[in-house]
Amino acid sequence: PISINSSIYNALQNRMKPLIEAAIAELCSSTNTLFPEKMLIADLGCSSGPNALALVSIAVEAIHSHCLQLQQPPPEVCVLLNDLPDNDFNTVVKSLVTLHQSNEPAVVTVGIMPGSFYERLFTSGSMHLFCSLNSLNWLSKAPEDLTKNWIPAYDVDEHARRERFPVVLEAYAQQFRKDFTFF
């Protein structure tokens, strides 16, 4: 049975599908002067389990469909999967078999890129498409102002919580801005 988390991610993937298809259509557009012979796609925060390959699978299917419409040979596709080093990449690798068997288009290589996407992972100008379903809501770390001053993000004492709320909110907002700038 599919867990509640998986069904939530499945619903989010369904909302992402038209966006990914539109991005692929633009990349493969007949008005695009150079139809790519090779495409690199990365999923940032791929996770593991039943949803690990969902977004890149949507992209691969969209590439195949668009190439059929344009009567173009599909490009070779390199899929790069990224998550934090503690992710269960063994499970992800096992699920790659189905992606390789699809043959639409030829998924030639798959790479695992462990690390934070708040740090540089890829060479500049090398990627055609990035996907990220539900990862940017995670900060790279707790705000330093809070950790060094031992201020909890949530306090059971309602009065203390209300008093600290503006400080906590601003600390998290600053950390988000810093992280998103690096992203």
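The values are calculated or read from the model by the stated rules, or taken from the named source; none is laboratory data. Given the structure is predicted, the values throughout are model-derived calculations rather than measurements. With ideal geometry, Cβ positions are generated from the backbone for all residues, glycine too; neighbour counts draw on all protein chains shown. Please note that ligands, DNA and RNA were not included when accessible areas were found on the heavy atoms of the full protein model with its side chains. Shrake-Rupley method; radii C 1.70, N 1.55, O 1.52, S 1.80 Å.
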Exercise. Longest span of the chain, sites excluded, free of trypsin sites (Lys or Arg not before Pro) in DSSP loop with at most 15 other C-beta atoms within 10 Å?
Worked result: 1-119
Seminar exercise, completed: FRET efficiency (L19, A160; Cβ distance; R0 30 Å; to 0.05) is 0.10
For this session: Can you send over the carbon and sulfur percentage of the accessible area for the stretch 52-94, probe radius 1.4 Å, protein chains only?
Result: 51 percent
Exercise. Under 20 Å from a point 7 Å along the Cα-to-Cβ line of T123: which residues of the stretch 78-96 have their amide N that close?
Worked result: 78-82
Exercise. Kirkwood Rh, Cα Rg: Rg to Rh for the chain?
Worked result: 1.07
Exercise. Which loop chymotrypsin sites (Phe, Trp or Tyr not before Pro) in the stretch 115-153, with loop taken from DSSP, have no more than 13 other Cβ atoms within 10 angstrom of their Cβ?
Worked result: W138, W150
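For each pair in K94/K141; K17/K141; K38/K94; K17/K38, compute the distance between the two Cα atoms and list the pairs where it is over 28 Å. Intermediate results must be reported in sequence, preceding the final value.
Working: K94/K141 30 Å; K17/K141 30 Å; K38/K94 24 Å; K17/K38 21 Å.
K94/K141; K17/K141, as the Cα separations exceed 28 Å there.
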Problem set entry | CD proxy at 222 nm, helix term only [per DSSP H run n ≥ 4: -39500 (n - 2.57); per residue of the chain; nearest 500] | -15500 deg cm²/dmol
Seminar exercise, completed: Applied in sequence order to the stretch 127-136, the curve 6.51 cos²θ - 1.76 cosθ + 1.60 (Karplus, θ = phi - 60°) yields integer Hz couplings, x standing for Gly and Pro, of 9, 9, 8, 10, 10, 7, 7, 8, 10, 5
For this session: Taking DSSP loops as anything outside H, G, I, E and B, show the longest stretch in the chain free of GluC sites (Glu not before Pro) there with at most 11 other beta carbons within 10 Å.
Result: 38-118
